Amino acid sequence: MTASSNYLIAGNWKMNGLKHSLGELDAMAKGVKAGSANGASADMIVCVPASLLTLAVERCANTPVEIGGQDCHANASGAHTGDISAEMIADTGAKWVITGHSERRTDHGESDSEVKAKSEAAQRAGIVPIICIGETGEEREQGRTLDVLEGQLEGSLTNDGDFVVAYEPVWAIGTGLVPTLDDIEAAHRFIREYLENRYPGSGSDVRILYGGSVKPGNAAEILGIDNVNGALVGGASLKADDFLGIWRAAPS
Ligand code: PGA
């Protein structure tokens with residue numbers, strides 16, 4: 001398992017973005033280039049809709065920003081109308097893919113084992129899966145958060161290879177609600193301990209992102225928490241100013 005010690009700030013455009021949105025991506029790349037020259041060290045990636053992958057990769061060539069997809073099929077090719085394979089994403093030059101986002105788990109009924117199969121497909125294609133887990137509001141109220149996370153980690157993570165984990169409480173996504181810093185710390189500590197047990201020697205290097213209503217105004221305190229190694233950002237990744245504000249908040 002290879003891992004970087006840099007913070008990773010990942011954008012998830014979801015089903016947003018047309019060709020003209022690539023102007024925002026240009027501004028992000030410019031901002032990261034300038035910030036990196038001034039000593040900022042976080043990595044930035046943007047996971048765009050499939051329709052923009054090729055163009056986004058072209059626009060970010062020779063910049064520090066890397067591009068990712070938002071989902072992939074578990075098979076490399078075949079009769080799966082409307083789906084995209086990890087090979088196809090890799091073929092565009094993109095280097096990452098989100099797997100198991102809660103919107104996929106809910107809208108498309110994706111199970112942990114499907115998420116694992118998709119993540120393995122990504123690794124076979126040479127791209128890195130960002131594997132998402134997170135409890136619903138109801139599960140949290142029932143005090144089941146850590147049990148739910150453990151089940152998702154057990155079922156969704158690949159047995160080896162490179163991956164990133166994103167902890168995204170479902171109730172915090174797109175709502176403006178954020179867990180307390182103590183609750184984020186506890187969840188990330190739990191995930192870290194799980195990783196260290198399951199992957200002796202490498203589990204301590206896996207990057208664990210927090211996602212759910214991260215904004216420029218709360219990014220510094222969230223990114224300052226132990227075992228938070230970056231952020232997965234939805235709404236605030238659509239505008240360069242907001243997303244760069246989050247990227248700059250990462251400790252260097
Ligand atoms: P949000 O989405 O930042 O808009 O809450 C996060 C995500 O779904 O990845």
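The values are calculated or read from the model by the stated rules, or taken from the named source; none is laboratory data. As the structure is a computational prediction, the values presented were derived from the model and not from experiment. Every residue, glycine as well, gets a Cβ built from its backbone with ideal geometry; the counts of neighbours run over all protein chains shown. Surface areas here come from the heavy atoms of the whole protein model, side chains and all, with no ligands, DNA or RNA. Shrake-Rupley method; radii C 1.70, N 1.55, O 1.52, S 1.80 Å.
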Which one is farthest from the ligand (Cβ to nearest atom), of the residues in segment 147-185 that are loosely packed, with under 15 Cβ neighbours inside 10 Å and aliphatic (A, V, I, L, M)? LEU181
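Pick out the one residue from SER4, SER77, SER41 that is outside any helix (DSSP H, G or I), touching a strand residue (DSSP E or B) at 6+ places or on another chain (Cβ under 9 Å) and at pLDDT below 95. Reasoning before the result, please.
Numbers: SER77 fails: at pLDDT below 95; SER41 fails: touching a strand residue (DSSP E or B) at 6+ places or on another chain (Cβ under 9 Å).
Just a single option satisfies the conditions, and that option is SER4.
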Given (1) open to solvent by 60 Å² or more (accessible area, probe 1.4 Å); (2) in a loop (DSSP other than H, G, I, E, B); (3) in contact with a Gly (Cβ under 9 Å, 6 or more places away or on another chain), index of the condition PRO251 fails: (1)
Starting from segment 174-192, keep only residues that are among the hydroxyl-bearing types (Ser, Thr, Tyr), then list their pairs with residues that are open to solvent by 50 Å² or more (accessible area, probe 1.4 Å) whose Cβ atoms are within a distance under 7 Å, requiring at least 6 positions of separation or different chains. none
Restricting segment 79-115 to residues that are in contact with a helix residue (DSSP H, G or I) (Cβ under 7 Å, 6 or more places away or on another chain), more than 16 Å from the ligand (Cβ to nearest atom) and hydrophobic (A, V, I, L, M, F, W, C), the one nearest to ASN62 (Cα to Cα) turns out to be ALA94
Quick one: TYR210 ticks every box in (1) surrounded by fewer than 21 Cβ atoms within 10 Å (Cβ to Cβ); (2) within 11 Å of the ligand (Cβ to nearest atom) bar one, so which box is it? (1)
Go through (1) closer than 25 Å to SER156 by Cα; (2) part of a helix (DSSP H, G or I) one by one and return the number of the condition LEU25 breaks. (1)
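Just to be sure, is GLY126 more than 14 Å from the ligand (Cβ to nearest atom), open to solvent by 20 Å² or more (accessible area, probe 1.4 Å) and either on the phi > 0 side of the Ramachandran plot or modelled with pLDDT under 95 (or both)? Can you show your working first?
Values: more than 14 Å from the ligand (Cβ to nearest atom): yes; open to solvent by 20 Å² or more (accessible area, probe 1.4 Å): yes; either on the phi > 0 side of the Ramachandran plot or modelled with pLDDT under 95 (or both): yes.
Yes; evaluated as a whole, the condition is true for this residue.
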Of the conditions (1) open to solvent by 10 Å² or more (accessible area, probe 1.4 Å); (2) more than 10 Å from the ligand (Cβ to nearest atom); (3) touching a strand residue (DSSP E or B) at 6+ places or on another chain (Cβ under 7 Å), GLY234 clears all except one; give me its number. (2)
